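Colleague: Please read through the structure below; I'll follow up with questions.
The values are calculated or read from the model by the stated rules, or taken from the named source; none is laboratory data. Because the structure is a prediction, the values reported are computed rather than measured. Please note: Cβ atoms are built from the backbone with ideal geometry, for glycine as well, and neighbour counts cover all protein chains shown.
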Amino acid sequence: MKKLHYFLMIMSIQICFLATASAEGKNNALVPLASVDDFSKGKDGWSFALGLGVEYETAYEGSDEFGLEVEPAGGLQWRDGDNIYFFAGEAIGWRGVQQDIWLFEALIGFAEGRKESDSDDGRLLGLGDQEEGAELVLQARRAFDADWRYWLVGRFVTGSDGNLGLFGVGRRFGDQLDGTGSEINLVAVVHDSEYANKGFGVDGNQAMASGLPETQLSGGLRSIGINYNFRNYLNDDWQIYGEGLFEYFASEVRESPIARGNYEAEIGVGFIYLF
């Protein structure tokens with residue numbers, strides 16, 4: 001029932017912002033941003049892409065351990081003018097453009113759980129395993145002009161484990177309209193107490209089992225972060241993409257015994273084939 005409720009919300013939002021499709025230039029992406037997957041090459045109808053990426057990242061939120069992880073990339077999309085419906089990995093959703101300067105997105109996905117074995121140094125022993133949970137993600141970007149050189153971004157994430165919000169500004173580099181080039185975003189992230197304690201809290205039972213002090217977070221500012229994305233065509237069918245992320249935690253999060261590091265970071269690169 002919860003997933004059905006999320007799906008109906010997505011469709012309601014899509015209907016509210018649905019607009020008559022504007023003419024698309026050859027190979028024009030929905031928006032010319034490297035962080036937004038668009039495999040349509042400017043054409044309506046189905047598109048499909050498949051690839052792999054390699055990420056070097058922290059083992060879990062707050063960890064000072066790093067490791068390599070291979071992730072699938074790509075997805076199945078249906079484009080209808082200024083709207084794209086997509087299925088990628090464990091996420092299904094819609095994104096659309098309104099008045100050339102608004103990008104809206106809504107999706108249902110799954111947040112990764114956390115396992116005690118994620119720490120090779122045994123720093124999660126006694127905290128138990130956290131299962132994956134469904135999340136509804138709503139996002140809006142508002143460009144300062146139609147070429148998407150600068151924009152504001154807001155994102156809201158809600159699910160069974162609480163709520164998280166993100167607010168920031170971004171800048172695009174390059175003049176391409178096909179979704180290639182690069183971009184950078186500077187953001188502030190907030191979370192409620194439920195979301196904060198999922199990642200960084202220690203309840204009474206966990207404290208007894210792990211030996212860590214019992215810790216309850218109140219929510220508020222979670223972090224300040226910066227991320228960089230690039231995407232380029234190697235030829236008509238192959239893309240290379242990459243991302244770098246650095247997130248510096250707020251003081252309450254840094255004081256949690258789970259936060260062995262003051263930041264979270266990752267860097268990744270991958271290749272996608274467009275069928």
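Colleague: Please count how many residues of segment 234-244 are touching a strand residue (DSSP E or B) at 6+ places or on another chain (Cβ under 6 Å), surrounded by fewer than 19 Cβ atoms within 10 Å (Cβ to Cβ) and either within 27 Å of V190 (Cβ to Cβ) or not hydrophobic (A, V, I, L, M, F, W, C) (or both).
Modeller: 4
Colleague: Same structure, new question: Just for segment 42-76: of the residues that are part of a strand (DSSP E or B) and touching a Ser or Thr at 6+ places or on another chain (Cβ under 7 Å), which one is farthest from L124 (Cα to Cα)? First the steps, then the outcome.
Modeller: Here is the first cut: in segment 42-76, the residues part of a strand (DSSP E or B) are 45-58, 66-76.
Next, only the ones that are touching a Ser or Thr at 6+ places or on another chain (Cβ under 7 Å) stay: 47, 66.
Numbers: S47: 42, F66: 15 Å.
Checking each candidate, the answer is S47.
Colleague: Another one. Report yes if some residue within segment 242-251 is out of contact with any Pro (no Cβ under 6 Å at 6 or more places or on another chain), farther than 24 Å from A146 by Cβ, part of a loop (DSSP other than H, G, I, E, B) and at pLDDT below 95; otherwise report no. Quick ask: steps written out before the conclusion?
Modeller: Taking segment 242-251 and keeping what is out of contact with any Pro (no Cβ under 6 Å at 6 or more places or on another chain), we get 242-251.
Going one step further and asking which of them are farther than 24 Å from A146 by Cβ, we end up with 242-251.
Next, only the ones that are part of a loop (DSSP other than H, G, I, E, B) stay: 250.
Adding the requirement that they be at pLDDT below 95 leaves none.
No, the conditions are met nowhere in segment 242-251.
Colleague: Let me ask something else about it. For residues that are among the charged types (D, E, K, R) and closer than 20 Å to K43 by Cα, tally how many sit in segment 82-128. It would help to see each step written out before you state the result.
Modeller: Our first condition is that a residue be among the charged types (D, E, K, R); within segment 82-128, this holds for 82, 90, 95, 100, 105, 112, 114-116, 118, 120-121, 123.
From the residues that got through so far, the ones that are closer than 20 Å to K43 by Cα too are 82, 95, 100, 105.
Of the residues in segment 82-128, 4 are among the charged types (D, E, K, R) and closer than 20 Å to K43 by Cα.
Colleague: Restricting attention to segment 74-81, does a residue exist that is farther than 18 Å from G261 by Cα and among the aromatic types (F, W, Y)?
Modeller: Our first condition is that a residue be farther than 18 Å from G261 by Cα; within segment 74-81, this holds for 74-81.
Pick out the ones that are also among the aromatic types (F, W, Y) and you get 78.
Yes - at least one qualifying residue is present in segment 74-81.
Colleague: Against the conditions (1) surrounded by fewer than 19 Cβ atoms within 10 Å (Cβ to Cβ); (2) over 14 Å from the mean Cα position of the chain (by Cα); (3) closer than 24 Å to F39 by Cβ; (4) not β-branched (V, I, T), where does A207 fall short? Just the number, please.
Modeller: The one condition A207 does not meet is (3).
Colleague: For residues in segment 159-180 being part of a loop (DSSP other than H, G, I, E, B) and of a type in the set (S, T, N, Q), which is surrounded by the fewest Cβ atoms within 10 Å (Cβ to Cβ)?
Modeller: First, the residues of segment 159-180 that are part of a loop (DSSP other than H, G, I, E, B): 160-161, 174-180.
With the extra rule that they be of a type in the set (S, T, N, Q), the set shrinks to 160, 176, 180.
On the way: S160: 12, Q176: 17, T180: 19.
Ranking the candidates gives S160 first.
Colleague: Right, here's the next one. Would you call A196 out of contact with any His (no Cβ under 6 Å at 6 or more places or on another chain) and buried (at least 20 other Cβ atoms within 10 Å of the Cβ)?
Modeller: Details: out of contact with any His (no Cβ under 6 Å at 6 or more places or on another chain): yes; buried (at least 20 other Cβ atoms within 10 Å of the Cβ): yes.
For A196, the condition - out of contact with any His (no Cβ under 6 Å at 6 or more places or on another chain) and buried (at least 20 other Cβ atoms within 10 Å of the Cβ) - is met.
Colleague: Could I ask something else about it? Specify which of the listed residues (V54, V70) is surrounded by fewer than 19 Cβ atoms within 10 Å (Cβ to Cβ) and closer than 17 Å to N229 by Cβ. If you could, list the steps in order and put the result at the bottom.
Modeller: Numbers: V70 fails: closer than 17 Å to N229 by Cβ.
Criteria check complete, one pass: V54.
Okay, residues lined up against (1) among the hydrophobic types (A, V, I, L, M, F, W, C); (2) modelled with pLDDT of 95 or more; (3) out of contact with any Ser or Thr (no Cβ under 7 Å at 6 or more places or on another chain):
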| position | (1), (2), (3) |
| --- | --- |
| W78 | yes, yes, yes |
| Y85 | no, yes, yes |
| G93 | no, yes, yes |
| F110 | yes, no, yes |
| D121 | no, no, yes |
| D147 | no, no, yes |
| L164 | yes, yes, yes |
| Q176 | no, no, yes |
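Colleague: Also: All but one of (1) surrounded by 14 or more Cβ atoms within 10 Å (Cβ to Cβ); (2) farther than 19 Å from Y60 by Cα; (3) without any contact (Cβ under 8 Å) to a residue 60 or more places away in the chain hold for G270; which doesn't?
Modeller: Of (1) surrounded by 14 or more Cβ atoms within 10 Å (Cβ to Cβ); (2) farther than 19 Å from Y60 by Cα; (3) without any contact (Cβ under 8 Å) to a residue 60 or more places away in the chain, only one is false for G270: (3).
Colleague: Please determine whether any residue of segment 61-81 is aromatic (F, W, Y) and closer than 30 Å to D129 by Cβ.
Modeller: The first filter runs over segment 61-81 and keeps only residues aromatic (F, W, Y), leaving 66, 78.
From the residues that got through so far, the ones that are closer than 30 Å to D129 by Cβ too are 66.
Checking segment 61-81: at least one residue is aromatic (F, W, Y) and closer than 30 Å to D129 by Cβ.
Colleague: Taking the options G81, G128, G162, G154, name whichever one is in contact with a His (Cβ under 7 Å, 6 or more places away or on another chain) and in contact (Cβ under 8 Å) with a residue 12 or more places away in the chain. It would help to see each step written out before you state the result.
Modeller: Numbers: G81 fails: in contact with a His (Cβ under 7 Å, 6 or more places away or on another chain); G128 fails: in contact with a His (Cβ under 7 Å, 6 or more places away or on another chain); G154 fails: in contact with a His (Cβ under 7 Å, 6 or more places away or on another chain).
Being in contact with a His (Cβ under 7 Å, 6 or more places away or on another chain) and in contact (Cβ under 8 Å) with a residue 12 or more places away in the chain holds for just one of G81, G128, G162, G154, which is G162.
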